[in-house]
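Worksheet for the structure shown next.
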Amino acid sequence: IGILWQTGSINPAHEHFITNIIRQKIIVGIDRLEETASLDPHASHYRSRKYLLYLPEGEYHELGLLFASYLLKARGQRVAYIGTNVPYPDLAILDQQYQPDFTLFALTSAIAQGSVGEYLAKVRADFPQCTHLVTGPLAVMAEEEVSWDGPLKLIRDFRELIALVEREAQAS
């Protein structure tokens, strides 16, 4: 969709229309997964971990995050999907109440708090008890300026996310 928009093949109205159709389909898929899981609580062979999914302030491109929510739930993981444009101070409340094992967020088009490196350094310092899975074009572009160790993990694509989730879920 983004490429079609950038090349002028579609206009923003088309982009919003197509994006919302895809968004609705993913949400329906997530709901169906929850219904299936509730019928058979022993179906998953994975160890369930808690994931907090959100987009930072100024980020609104949620299709990838919704799809990640689908992938996680399909693998028996517990997911709190917070949504787009989450103010940084709200993360402390969410972290304290939900106590996630992982956060997953994307840096795609904007960073309201300064540079990508500054934002990630703040996340690392303020929330050291969980692993932060970071994806998106801005994160990949900042790969050289960020120390991707300890609680920060760069996720370049969905294959990396799936591999990490399955390793973690099967760990004892």
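The values are calculated or read from the model by the stated rules, or taken from the named source; none is laboratory data. Computed from a predicted model, the values in this text were never measured in an experiment. Heads up, the Cβs are rebuilt from the backbone with ideal geometry, glycines too, and the neighbour counts pull from every protein chain shown. Heavy atoms of the whole protein, side chains included, go into the accessibility calculation; ligands, DNA and RNA do not. Shrake-Rupley method; radii C 1.70, N 1.55, O 1.52, S 1.80 Å.
Can you classify segment 86-163 as rounded, prolate or oblate using the Cα gyration tensor, where a ≥ b ≥ c are the square roots of its eigenvalues, rounded means a/c under 1.5, and otherwise it's prolate if a/b beats b/c and oblate if not? If you can, show how the numbers build up before the last one.
On the way: a/c = 1.59, a/b = 1.20, b/c = 1.32.
Verdict is oblate for segment 86-163.
Once label points are set 7 Å from the Cα along Cα→Cβ at both THR19 and ALA92, what is their separation, rounded to one decimal in nm?
It works out to 3.1 nm between the two label points.
Of GLU160, GLU145, GLU15, which is the most mobile in a GNM of the chain whose springs link Cα atoms less than 10 angstrom apart?
GLU15
Cut-off 10 angstrom, C-alpha nodes, Gaussian network model of the chain. Which of ALA125, ALA142, ALA74 fluctuates the most?
Its mean-square fluctuation being the largest, the pick is ALA125.
For the chain, what is the Kirkwood hydrodynamic radius in Å, using each pair of distinct C-alpha atoms?
Working: mean 1/r = 0.0589 Å⁻¹.
Hydrodynamic radius (Kirkwood, Cα pairs) of the chain is 17.0 Å.
Looking at the square roots a ≥ b ≥ c of the eigenvalues of the Cα gyration tensor of segment 122-172, which shape do they give, rounded for a/c under 1.5, prolate if a/b is larger than b/c, or oblate? If you can, show how the numbers build up before the last one.
Details: a/c = 2.59, a/b = 1.22, b/c = 2.13.
Oblate shape, in that a/c is at least 1.5 and b/c is the bigger or equal ratio.
With n ≥ 4 as the cut-off for DSSP H runs, can you work out [θ] at 222 nm for the chain, using -39500 (n - 2.57) per run divided by the number of residues, rounded to the nearest 500? Spell out each step's value before the answer.
Details: 7 runs with 85 residues, N = 172.
The per-residue figure over the chain is -15500 deg cm²/dmol.
For ARG49, list long-range residues whose amide hydrogen, built 1.01 Å from N in the peptide plane, is under 5 Å from its own amide hydrogen.
ARG78
At 1.4 Å probe radius, can you tell me the per residue accessible area of segment 103-145 in Å²? Kindly include the intermediate steps, with their values, before the conclusion.
Numbers: 1910 Å² over 43 residues.
Result: 44 Å² per residue.
List every DSSP H helix in the chain whose Cα atoms extend 24 Å or more along the helix's own long axis and whose mean Kyte-Doolittle hydropathy is at least -1.0. Walk me through the intermediate numbers first.
Values: long enough: 12-39 (41 Å, 0.02).
Those that clear 24 Å and a mean of -1.0 are 12-39.
For GLU34, GLU144, write out the residues from largest to smallest accessible area, computed with a 1.4 angstrom probe and no ligands counted.
Details: GLU34 85, GLU144 170 Å².
Per-residue accessible area, sorted high to low, gives GLU144, GLU34.
What part of the accessible area of segment 6-165, given as a whole %, is carbon or sulfur when the probe is 1.4 angstrom? Before the final figure, lay out each step's value.
On the way: 4760 of 8670 Å².
The value for segment 6-165 is 55 percent carbon and sulfur by accessible area.
Please compare each pair in LYS122/LYS153; LYS25/LYS50; LYS25/LYS73; LYS25/LYS153 to a cut-off of 19 Å on the Cα-Cα distance and tell me which ones are over it.
Numbers: LYS122/LYS153 15 Å; LYS25/LYS50 24 Å; LYS25/LYS73 15 Å; LYS25/LYS153 29 Å.
Checking Cα-Cα distances, LYS25/LYS50; LYS25/LYS153 exceed 19 Å.
Mean-square fluctuation check for the chain, GNM, Cα pairs under 10 Å: which of HIS16, HIS132, HIS61 is largest?
HIS16
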